[in-house]
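Read through the structure below, which is laid out as structure tokens, and then see the notes.
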Amino acid sequence: MAILARVLTICCIAAATVSSPARADEVVVRVGSTRSIGNAANLIAIANDYFKDSGLRVEIVDTDPSVDVFAMLAQGKLQVAEADLSAGFFTAVQKGLPIMAMADRASSPLNHNLMLRASLKDKVKEAWQLKGRSIAIDGQGSAATYEVGKILDWLKLSIADVDLRVFPIGQVAGAFKNETIDAALVPAPYTAQFVSQGLAVPLVDPDEYIRPTPMTLSVNMVNTDWLRANIEAAKAYYLAYTRGVRDYCQAYHGGKYRYDVGPLLMRTGAETRPDMISKGPWPARDPLGRINIESVLDMQAWFAKNRFINGQSTAVRLVDTGFVEYAANELGPFVVENTQSKLRGCR
């Protein structure tokens, strides 16, 4: 794999993607994604011409948290999008919008932690003592809402027993410092940073509480109107995309691609913080793209029970497994090359 040789030719991630015109024989696929390590699979596939060799031109469109990615996808401004599962996704499907989840993008182990403000460590010894206290999440109805909710369910509490407050992760350190919040759901590597800065201490690992596992946190989804009109292009996209996923998973385990992916992420702007890349851990995912449908249905049921959504959709309306199954059959079994890796995830 020669990622670095081609990285300069990749169009940079931007709110409006700028690129040269596609060839007449190329199918353009616009993929919406937030800037993160999790976007590496698409970037790897672009850098190595996996898409180009399949007759596709993939353009990455930056969809920051303020953007309604589900609306952009449903309106055909994007053909594919990558985003966390949320109440917004289930509502979009329930409304009949042409959206469906196709492949896993991030799943357990989550490497998240429900962290406690350091000044409370002598007062809150057990997680159930969070009752009546404030907990920061990244958005109402987000995957983080579900994670905290499932933890509270195990503790025989509910979200009504705590004060959920929305704070982007970049504001959580200040909120801990100013004692605006008592706890927060924190992803790695912020967990280690907050401990080293004396701001917070680990309290609960969601992976110990959330069932069923693996929890599907984020997915690759498609506009189903485009899908039906472009079946062969969709097959080509998911085959090339899965090749990128497998390369990512080899890098995740410290394989031969590890030192290519980091510079690729930095140079394209997908991740601009070296510590996030070098100190990890990277988001885990299924190398075959398999979505845990049981997990998706459990999340939907929890959102419905807690009145974040009205109604529920069937599994066949939420998830299409056919395209990743096609890719898996074409590519054969996935085997981790670094046999010394003890990491969970990406297997």
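List of remarks:
- Residue in the stretch 113-127 that is more than 18 Å from residue 294 (Cα to Cα), of a type in the set (A, V, I, L, M, F, W, C), in contact (Cβ under 8 Å) with a residue 12 or more places away in the chain and part of a loop (DSSP other than H, G, I, E, B) present: yes
- Each residue in the stretch 238-271 was checked for being more than 11 Å from residue 37 (Cβ to Cβ) and not in a helix (DSSP H, G or I), and 6 pass.
- The one condition in (1) over 19 Å from the mean Cα position of the chain (by Cα); (2) at pLDDT below 90 that residue 13 fails to fulfil: (1)
- Residue satisfying condition, being at pLDDT 95 or above, assigned to a strand (DSSP E or B), assigned by TED's automatic domain parsing to the domain that holds residue 315 and surrounded by 23 or more Cβ atoms within 10 Å (Cβ to Cβ), within set 101, 136: 101
- Residues within the stretch 205-225 that are assigned to a helix (DSSP H, G or I) and out of contact with any Pro (no Cβ under 8 Å at 6 or more places or on another chain), tallied: 2
- Of all positions in the stretch 232-241, none carries a residue that is modelled with pLDDT of 95 or more, in the same structural domain as residue 167 (by TED's automatic domain parsing), more than 22 Å from the chain's Cα centre (by Cα) and buried (at least 18 other Cβ atoms within 10 Å of the Cβ).
- Scan of the stretch 265-318 for residues that are under 21 Å from residue 45 (Cα atoms) and of a type in the set (Phe, Trp, Tyr), ordered by number: 282
- Test set (1) part of a loop (DSSP other than H, G, I, E, B); (2) of a type in the set (Val, Ile, Thr); (3) touching a residue at least 60 places away in the same chain (Cβ under 8 Å) - residue 180 fails condition number: (3)
- Matching helices (runs of 4 or more DSSP H) fully within the stretch 274-332 where at least 1 residues are out of contact with any Ser or Thr (no Cβ under 8 Å at 6 or more places or on another chain) and more than 27 Å from residue 37 (Cα to Cα): 293-305, 315-318
- Look at (1) surrounded by fewer than 18 Cβ atoms within 10 Å (Cβ to Cβ); (2) part of a strand (DSSP E or B); (3) of a type in the set (A, V, I, L, M, F, W, C) and you find that residue 186 fails only one, number (1).
- Residue 316 vs. criteria loosely packed, with under 12 Cβ neighbours inside 10 Å, of a type in the set (A, V, I, L, M, F, W, C) and within 25 Å of residue 235 (Cα to Cα): yes
- Applying the condition of being without any contact (Cβ under 8 Å) to a residue 60 or more places away in the chain and touching a strand residue (DSSP E or B) at 6+ places or on another chain (Cβ under 8 Å) to the stretch 47-59 and asking which residue is nearest to residue 188 (Cα to Cα) yields 59.
- Hits in the stretch 75-96 (condition: touching a residue at least 12 places away in the same chain (Cβ under 8 Å), of a type outside the set (D, E, K, R) and over 19 Å from residue 142 (Cβ atoms)): 76, 78, 79, 80
- Just one residue in the set 78, 73, 56 is under 23 Å from residue 26 (Cα atoms) and touching a Pro at 6+ places or on another chain (Cβ under 9 Å); that residue is 73.
- Beta carbons closer than 7 Å, at least 6 apart along the sequence or on distinct chains, pair a first residue in the stretch 26-44 that is over 23 Å from residue 74 (Cβ atoms) and modelled with pLDDT under 90 with a second that is of a type in the set (A, V, I, L, M) and part of a strand (DSSP E or B) for 26/56.
The values are calculated or read from the model by the stated rules, or taken from the named source; none is laboratory data. Bear in mind that the values here come from a model prediction, so they are computed numbers and not experimental data. We place every Cβ from the backbone using ideal geometry, glycine too, and count neighbours over all the protein chains shown.
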